[in-house]
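**Student:** A single structure is presented below for examination.
Each value in this text was obtained by applying a stated rule to the coordinates, not by laboratory testing. Source: prediction; values computed, not measured. We place every Cβ from the backbone using ideal geometry, glycine too, and count neighbours over all the protein chains shown.
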Amino acid sequence: MTATPTPIAVPVSSGAERQLERGLAKIEHSSGKLKRGTTSRGATIAALVIAVIWTLPTAGLFISSFRPANDIKTTGWWTVFANPGFTLDNYVNALSSGDSLTLGKAFLNSLVITLPAALIPITIASLAAYAFAWIDFKGRNTMFVLVFALQIVPIQMALVPLLRLFSDGLRVGGLYILPGLGVNGLDGSFAKVWIAHTIFALPLAIFMLHNFISEIPAEVIEAARMDGAGHGQVFFRIVLPLSMPAIASFGIFQFLWVWNDLLVATVFTSGQGLPITKALQDL
Amino acid sequence: MSSFFQWLAGIPPLAQIPLILLAFAALVAVVLVFVEFAPRRGTPYTILRLAVCVVVPVVVLLAFGLYNSVIWVAAIAAVLGGGLFLLDYRSKRGAGYSLQLVAFMAPAVFFLIIGLIYPTITTAGQAFMKNDGSGFAGLDNFAWVFTSPDGLTAFGNTLIWVLLAPITATAIGLAYAVFIDKSRGEKFLKLLVFMPMAISFVGASIIFKFFYDIRQGEQIGLLNGILVAFGGQPVDWLGLEPWNTLLLVIVLIWTQAGFAMTVLSAAIKGVPAEQLEAASLDGTNGFQAFRHITVPGIRTTIIVVLTTISIASLKVYDIVSAMTGGRNDTTILAFEMVRQFQLGSRTGYSSALAVILFVLVLPIVIYNARQIQKQREIR
């Protein structure tokens, strides 16, 4: 963000130069102190307390996963420090279970669902966010607020209409406007779940990416426009690289949400295409 | 289109990833190239625009596959495309301006309309119909929400969720982000608090069910374990009205604080070092610098985080479903909605609850809209 000034050789006497250097060192020292943070001892302790509280429940589950099933049911996980007893049986049992859909296969399915379902909505959303931020049009604010408001549409409400749309298509009267996808009963197809995740991700993705994309300095974009770049080039060569950190961090969240999703996947996949969350639930 | 997806379905799952992504990237590339050339002057570009307007809708529809009415729909699409071309051609901002806008927005708008707007309108309509959809019911469904014990509890609890969860999670996330900023092992400390974010709501609920567990004899839940160790009686935490709702809210806070922390930490790093430096030269202490420089600097981000968590807490379903199933007065609107639907498909009640949920989020939306407008004015 901050431009680094290029050092230039100033013709001064060696004494003055030494003085300047000392001053520089002093500034660097003080800013170094600043860099080390404004943290006091109390803050460090508070941070540690939060970290411990936040880790404890997961740690308990993690330790439990290595304990014999009988111990888990009768004693608390913290007693393991007094009388240790560990086993890998839980993991062996979990991995070998599942009749037709093994955990390994379900894991693969999760991957196939998650990668496109994270990348596609982000791309579509960044296109729309760019338009909202940098292309002026009538009703832009109203439309943006509408998109933002769509976040609250509960997924549960949209499931049934979407399912019907995917299998039957859209009809007005007797005329088909859109046909169905025609992938019903195909176990290997992930098209429905990709599209469903894309739809549900869009409002939040557009909102978040708009926040970042609209903060890109207008001068940068105007300069590119002056040099003859159209919106396509500005988007691809300036906005995309500049907002890459934001896109990446949102991408991670989207990846996690899709990976952890159970509801959408159970509705839109079937049989051999189910993800690992469903396999875990069925254990 | 459907034959492409059918062909894709026959391919081994892992190979589907690059194929679908490549196909998608190709589509995006075509859109971007078109956007680049659309607003240029000259006859070839005009012809390009006209061709795209008329041909693309037809090709897209044909790509979906052949069906009975395809010719008619394609013809209508072509006419509409031609209309768009004319509108664009005569536009005040110059030809091609609105076309590039359409190209940028069309994919998102298409998906939002079929996947969210259309279902929302259907739901809103059903909220005023009888439960079996047989006739108009007026405001009866809404009256039910505010008179029945289930509806009232759900409404009250939702208010508790939406008031407590966002503020607490953001406060903890912000405090933690500030405390560990530029400290040693920052990345590791961040990871510890971020981890719950990577666990699904269902997973988090299982973890906390262990945490709140109550048994006859020796306790295996940590909370009761501590209580007993200090000589107390074990408590049935999840049956403890009215506090059990708070215990469920804690699960959401536990998962969302990591989200708040990550986003806010990134924003804190963006606060100009010069300002902090100037403040320290003026003799401020850590808290004053935080209060008067960091917080104003990351204000927009704080609002974004608060908004996101508020909406997440309005929509939360998995936690209530997995931990209590709505028993002991822990139900909330989003959960009650699904339950009413599953209980002999009371679509009227369920839709009314959804509409109330939508109304509850309106203040948040309006506030954010104001903020967006203000930002625009500054620019």
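**Student:** Which one of B:356, B:293, B:251 is farthest out on the positive end of the charge dipole of segment B:233-367, using unit charges on Cβ (Lys, Arg +1; Asp, Glu -1) and the Cα centre as origin?
**Tutor:** Sorting the options by dipole projection puts first B:356.
**Student:** List the DSSP H helices in chain B whose Cα atoms stretch 20 Å or more along the helix axis and whose mean Kyte-Doolittle hydropathy is at least 0.5.
**Tutor:** Correct list, ordered by number: B:13-37, B:43-63, B:70-89, B:97-112, B:149-180, B:243-269, B:299-315, B:347-378.
**Student:** I need the phi-derived Karplus couplings for segment A:64-76: 6.51 cos²θ - 1.76 cosθ + 1.60, θ = phi - 60°, integer Hz, Gly and Pro marked x.
**Tutor:** Values per residue, Gly and Pro as x: 4, 5, 9, 9, x, 3, 5, 4, 4, 7, 10, 10, x Hz.
**Student:** With a ≥ b ≥ c the root eigenvalues of the C-alpha gyration tensor of segment B:6-65, is it rounded (a/c under 1.5), prolate (a/b larger than b/c) or oblate?
**Tutor:** On the way: a/c = 6.15, a/b = 2.10, b/c = 2.94.
Cα axes put segment B:6-65 in the oblate bin.
**Student:** Using helices alone, what [θ] at 222 nm do you get for chain B, with -39,500 (n - 2.57) per DSSP H run of 4 or more residues, divided over all residues and rounded to the nearest 500?
**Tutor:** -24000 deg cm²/dmol, from helical runs alone.
**Student:** Within a 10 angstrom radius of the beta carbon, how do A:122, B:121 rank from fewest other beta carbons to most?
**Tutor:** By the 10 Å Cβ count, ascending, the order reads B:121, A:122.
**Student:** For residue B:129, list long-range residues whose amide hydrogen, built 1.01 Å from N in the peptide plane, is under 5 Å from its own amide hydrogen.
**Tutor:** The list, which skips near neighbours in sequence, is B:137.
**Student:** Next up: In what sequence, highest mean first, do B:193-200, B:298-305, A:128-135 appear when ranked by Cβ atoms within 10 angstrom?
**Tutor:** A:128-135, B:193-200, B:298-305
**Student:** If you count, for each residue, the other Cβ atoms within 10 Å and average over each peptide, how do A:139-145, A:68-74 line up from highest to lowest?
**Tutor:** Sorting A:139-145, A:68-74 by mean packing, highest first, produces A:139-145, A:68-74.
**Student:** If each residue's Cβ is checked for other Cβ atoms within 10 Å, how do B:182, A:105, B:92, B:187 rank with the fewest at the top?
**Tutor:** Listed from fewest to most nearby Cβ atoms, that is B:92, B:187, B:182, A:105.
**Student:** Taking the Cα centre of the protein assembly as shown as origin, work out the dipole magnitude from +1 charges on Lys and Arg Cβ and -1 charges on Asp and Glu Cβ, in debye rounded to 20.
**Tutor:** Here the protein assembly as shown has a charge dipole of around 1260 debye.
**Student:** Under a Cβ-Cβ cut-off of 12 Å, what is the net charge of the residues other than residue B:179 that fall near it, where Lys and Arg count +1 and Asp and Glu count -1?
**Tutor:** Result for the neighbourhood of residue B:179: +1.
**Student:** Step through the residues of segment A:134-147 one at a time and calculate ³J(HN,Hα) from phi using the Karplus curve (6.51 cos²θ - 1.76 cosθ + 1.60, θ = phi - 60°), rounding each to whole Hz and writing x for Gly and Pro.
**Tutor:** For segment A:134-147, the Karplus-derived couplings read 10, 10, 7, 8, 5, x, 5, 5, 4, 5, 5, 4, 4, 4 Hz, x marking Gly and Pro.
**Student:** Counting only other residues whose beta carbon sits under 15 Å from that of residue A:234, what net charge do I get with K and R as +1, D and E as -1? Walk me through the numbers before you get to the answer.
**Tutor:** Details: positive: A:225, A:237, B:40; negative: A:136, A:219, A:222, A:227, B:36.
Combined, the nearby Lys, Arg, Asp and Glu give -2.
**Student:** Okay, moving on. Of B:145, B:121, B:71, which is farthest towards the positive pole of segment B:63-166's charge dipole, taken about the Cα centre with +1 and -1 on the beta-carbons of Lys, Arg and Asp, Glu respectively?
**Tutor:** Going by the charge dipole, the pick is B:71.
**Student:** Let me ask something additional. What is the mean number of Cβ atoms from other protein chains located within 10 Å of the Cβ atom of each residue in peptide A:111-123, rounded to a whole number?
**Tutor:** Mean partner-chain Cβ count within 10 Å for A:111-123: 4.
**Student:** To the nearest 0.05, how large is the calculated FRET efficiency for residue B:130 and residue B:342 if R₀ is 25 Å and r is the Cβ-Cβ distance?
**Tutor:** 0.90
**Student:** How would segment B:59-183 be classified by its alpha-carbon gyration tensor: rounded, prolate or oblate, with rounded meaning a/c under 1.5 and the a/b versus b/c comparison settling the rest?
**Tutor:** Judged from the Cα gyration tensor, segment B:59-183 comes out oblate (a/c at least 1.5, b/c at or above a/b).
**Student:** Classify segment B:128-168: rounded, prolate or oblate, from the alpha-carbon gyration tensor (a ≥ b ≥ c, eigenvalue square roots; a/c under 1.5 rounded; otherwise prolate if a/b is larger than b/c)?
**Tutor:** Prolate, because a/c is 1.5 or more and a/b exceeds b/c.
**Student:** Take peptide A:49-56, look around each residue's Cβ out to 10 angstrom, count Cβ atoms belonging to other protein chains, and average those counts.
**Tutor:** Whole-number average of other-chain Cβ neighbours for A:49-56 is 6.
**Student:** Kindly state, to the nearest 0.05, the FRET efficiency for residue B:183 paired with residue B:374, given R0 = 30 Å and r defined as their beta-carbon distance.
**Tutor:** 0.30
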